[in-house]
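Only the coordinates and a few stated rules stand behind these numbers; no lab work does. Quantities reported herein were computed from a predicted structural model and do not represent experimental measurements. Quick reminder, even Gly has a Cβ in these numbers, built from the backbone with ideal geometry, and neighbours come from all protein chains shown.
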Amino acid sequence: MTIAGALQQPGNPQDATGAQVVLSARDLRRDFGGFTAVNNVNLDVHHAKVHALIGPNGAGKTTVFNLLTKFLQPTSGKITLMGHDITKTAPAKVARMGLVRSFQISAVFPHLTVLENVRVALQRPSGLSVQFWRPMSALDILNDRAMELLTSVGLEKEHNTHAADLSYGRKRVLEIATTLSLDPTVLLLDEPMAGMGQEDVGMVADIIREVAKTRAVLMVEHNLKVVADLCDHITVLQRGEILAEGDYDTVSNDERVRIAYMGTDHD
């Protein structure tokens, strides 16, 4: 089902303003032995919006990501995707339902070309993922769609370049293209700007902005300039709990956030 079709399904949740909530968490908690890493987290991610999850190191951001994508099972609480309870759903099934994530470390096949990387990612949605006995030429039917995805992220001219020869920033862009091959309803990006130079940061921010026109984006990000320029809504975590939330002006002017994350001298 397409994103548009999923959004039109009866019972698709909306918030008090009428905005479409595609991913929601309620009273999310995760304990590790006697340590509570995430506690009482409530989160709503909206269609066609960029939502940032920020906070100091150790605030629980990656743990929340792992809970939402089911790499970790919550100790308690509830997670819904497009109104469906996915709290106990396996990670692979969650991905097939439209909740797709990237990781802090770029995950591409370095010895395949840019086009081949995207073709590999397209195999499952195209029903070719288990047909391992077929020759590589059988994947040529995926070329047009792969090139569409590469064009959408500005990589079409590098389609024959081996992924290993791309700059770090372009590798991250390729990773976004491969995640988009699954046609996600919600795209989770874990520190997409980490380790990038300013030119690459601007390029990736533009791509994320374009991607978010047709789907929800939830991202963990430490670059506050990116967060200010790109994100519609921000949730600030501290010690596994929500400290503040709202738009950038709201959270940046919250004294608790200044002290905990931005520093009292932040302007």
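Under a Cβ-Cβ cut-off of 13 Å, what is the net charge of the residues other than THR185 that fall near it, where Lys and Arg count +1 and Asp and Glu count -1?
Numbers: positive: LYS49, ARG96, ARG101, ARG215; negative: ASP183.
Charge balance in the 13 Å sphere: +3.
Sorted by average packing, counted as other Cβ atoms within 10 angstrom per residue and highest first, what order do 114-121, 35-42 take? The partial results should precede the final answer.
Numbers: 114-121: 23.6, 35-42: 17.5.
In decreasing order of mean packing, 114-121, 35-42 become 114-121, 35-42.
When the chain is fully extended, how far beyond the present Cα-Cα distance does ASN57 get from LEU224, taking 0.36 nm per residue of separation?
58.7 nm
Could you name the lysines whose alpha carbon sits less than 26 Å from that of LYS70, not counting residues in the same chain fewer than 8 places away?
Within reach: LYS49, LYS61, LYS78, LYS88, LYS93, LYS171, LYS213.
Would you mind counting up the charge near HIS159? Only other residues with Cβ under 15 Å from its Cβ, with Lys and Arg at +1 and Asp and Glu at -1.
Its environment carries a net charge of -2.
Order 209-216, 236-243 from most to least packed using the mean count of other Cβ atoms within 10 Å.
236-243, 209-216
With unit charges on the beta carbons (Lys and Arg positive, Asp and Glu negative) and the dipole taken about the Cα centre of the range 189-267, which residue among VAL227, GLY240, ILE208 sits farthest to the positive side?
It is GLY240, whose Cα lies furthest towards the positive end.
Give me the distance in nm between label points sitting 7 Å out from Cα along the Cα-to-Cβ direction at GLU255 and SER76, one decimal.
Spacing of the two 7 Å Cα→Cβ label points: 3.2 nm.
Given R₀ = 25 Å, what would the calculated FRET efficiency be for ASP165 paired with GLU199, taking r from the Cβ atoms and rounding to 0.05?
In this case the efficiency is close to 0.90.
Can you give the FRET efficiency for ASP206 and ALA90, using 1/(1 + (r/R0)^6), R0 = 35 Å, r = Cβ-Cβ distance, to the nearest 0.05?
0.55
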